[in-house]
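Q: Before we start, here is the structure in question, set down as structure tokens.
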Amino acid sequence: MGTLRMGALTRRRVGVRAADLEYAVLDTETTGLEPRTGARIVEVAVVRVRGDGAVVEEFSTLVDPRDQVRGQEFHGIGDSDTVGAPTAAQLAPRLARLLSGAVVVSHNLDFEQRFLAAELVPAGLPAGQSGLCTLRALRSQLSLERYSLPKASYQLSGDWPTGQHTALGDARACAKLLVEMIANAPGELRYSGPAPRLLPIPAGPAGPPTRWKPRTSPPPGGLDPLRPWRARWRALELDPLLCGGTFGTTDRAIAELAAHRDTRLRERVATAAAVTGGIAATVAGGLLARLGRNWAAGLR
């Protein structure tokens, strides 16, 4: 089983209303791009939010990577900052509680998933929760010049996110992007995919209670006010599975071609179903007519 089971947002009449779910929006700061080359988590944040934009809970902490902290030029975290911070094993129970019963969301969830699988699942975090990638969702639903979290936020609402390259700042920006997407969709957005499940909570290591070490504190009042979007929604939504990676010109063309083919196929299926239904109705009507005539003849 994978760390997360990926779902998607769609305007089709499938799945459940996206506004009715709760989401655990996750962001991490790491010492590099690939855990397989030694990169580790040094900060994690979760913003638990409802589909209507109400914040349920916010959490962040620095994490002791048990190694030299690299990448300071990107995240601003040094070796001395992680002294006394919790380890992945100490973090796993709290993270499980935050993710339980929610759809796990990140902007480029593929990246976060690699670090969850490499560090937190071995430390006790249960695998198999449902997931949603806002990067893939944006690419699937809207036509933008750039899809990075800060640039997409600015293009859509006119606001640059604050607290960039802090886990909590980026998680809050992603949460705002998600709920604005639900609120601004031209029609009801629905979540299609595995339903979120209640997670078993690991016991965690023995010893004194874990002390969290947040680098930043959430401002009061929840998320900033939601803004109307100034964006062109796609007439045909793309398959999110085709919206990962760099999503360059060729990738977009392939995804758009697939969307047109899928639309034509669904139209042919709908037409065939209508024709079949009409034939079935005609046959049934004829059968009923014959039965009626036979019944009438029996009365004479």
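The values are calculated or read from the model by the stated rules, or taken from the named source; none is laboratory data. Remember, predicted model here, so these are calculated numbers, not experimental data. Note that each Cβ is placed from the backbone with ideal geometry, even for glycine, and that neighbours are counted across all protein chains shown. Heavy atoms of the whole protein, side chains included, go into the accessibility calculation; ligands, DNA and RNA do not. Shrake-Rupley method; radii C 1.70, N 1.55, O 1.52, S 1.80 Å.
Q: Filtering segment 85-101 down to residues that are open to solvent by 10 Å² or more (accessible area, probe 1.4 Å) and in a helix (DSSP H, G or I), which residue is nearest to R70 (Cα to Cα)?
A: Within segment 85-101, the match that is nearest to R70 (Cα to Cα) is A88.
Q: Same structure again: Could you list, in sequence order, all residues of segment 13-51 that are in a loop (DSSP other than H, G, I, E, B) and open to solvent by 20 Å² or more (accessible area, probe 1.4 Å)? It would help to see each step written out before you state the result.
A: Here is the first cut: in segment 13-51, the residues in a loop (DSSP other than H, G, I, E, B) are 13-15, 21, 31-34, 38-40, 51.
Within segment 13-51, R13, V14, G15, L21, G32, L33, E34, G38, R40 meet the criteria.
Q: Now for a separate question. Cβ-Cβ below 7 Å, separation at least six or inter-chain, first residue in segment 1-20 and within 18 Å of D239 (Cα to Cα), second among the acidic types (D, E) and open to solvent by 20 Å² or more (accessible area, probe 1.4 Å): which pairs?
A: Going by the 7 Å Cβ cut-off, the qualifying pairs are T10/E237; R11/E237.
Q: Scan segment 27-74 residue by residue and report those that are without any contact (Cβ under 8 Å) to a residue 12 or more places away in the chain and of a type in the set (S, T, Y).
A: Taking segment 27-74 first, the residues without any contact (Cβ under 8 Å) to a residue 12 or more places away in the chain are 37, 72-73.
Selection gives T37 alone.
Q: Here is a further query. Check segment 2-12 and report whether any residue there is of a type in the set (A, V, I, L, M), surrounded by fewer than 23 Cβ atoms within 10 Å (Cβ to Cβ) and assigned to a loop (DSSP other than H, G, I, E, B).
A: no
Q: Please specify each residue of segment 220-244 satisfying the condition of being within 18 Å of the chain's Cα centre (by Cα) and open to solvent by 60 Å² or more (accessible area, probe 1.4 Å).
A: D239, L241, L242
Each row is one residue, and each column tells you yes or no for (1) at pLDDT 95 or above; (2) surrounded by 23 or more Cβ atoms within 10 Å (Cβ to Cβ); (3) in contact with a helix residue (DSSP H, G or I) (Cβ under 8 Å, 6 or more places away or on another chain); (4) farther than 20 Å from Y23 by Cβ.
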| residue | (1), (2), (3), (4) |
| --- | --- |
| P65 | yes, yes, yes, yes |
| V83 | yes, no, no, yes |
| V103 | yes, yes, no, no |
| F111 | yes, no, no, no |
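Q: Is it the case that some residue within segment 128-141 is β-branched (V, I, T), in contact with a strand residue (DSSP E or B) (Cβ under 9 Å, 6 or more places away or on another chain) and either on the phi < 0 side of the Ramachandran plot or open to solvent by 30 Å² or more (accessible area, probe 1.4 Å) (or both)?
A: Going through segment 128-141, the residues β-branched (V, I, T) turn out to be 134.
Filter again for in contact with a strand residue (DSSP E or B) (Cβ under 9 Å, 6 or more places away or on another chain), leaving 134.
Remaining after also requiring either on the phi < 0 side of the Ramachandran plot or open to solvent by 30 Å² or more (accessible area, probe 1.4 Å) (or both): 134.
Yes, segment 128-141 contains at least one residue that is β-branched (V, I, T), in contact with a strand residue (DSSP E or B) (Cβ under 9 Å, 6 or more places away or on another chain) and either on the phi < 0 side of the Ramachandran plot or open to solvent by 30 Å² or more (accessible area, probe 1.4 Å) (or both).
Q: Keeping to segment 198-253, report how many residues are closer than 17 Å to A8 by Cβ, part of a loop (DSSP other than H, G, I, E, B), hydrophobic (A, V, I, L, M, F, W, C) and free of Cβ contacts under 8 Å to residues at least 60 places away in the same chain.
A: 1
Q: Suppose we keep only residues that are under 18 Å from R48 (Cα atoms) and among the hydroxyl-bearing types (S, T, Y) within segment 150-191. Which one would you say is farthest from the chain's Cα centre (by Cα)?
A: T166
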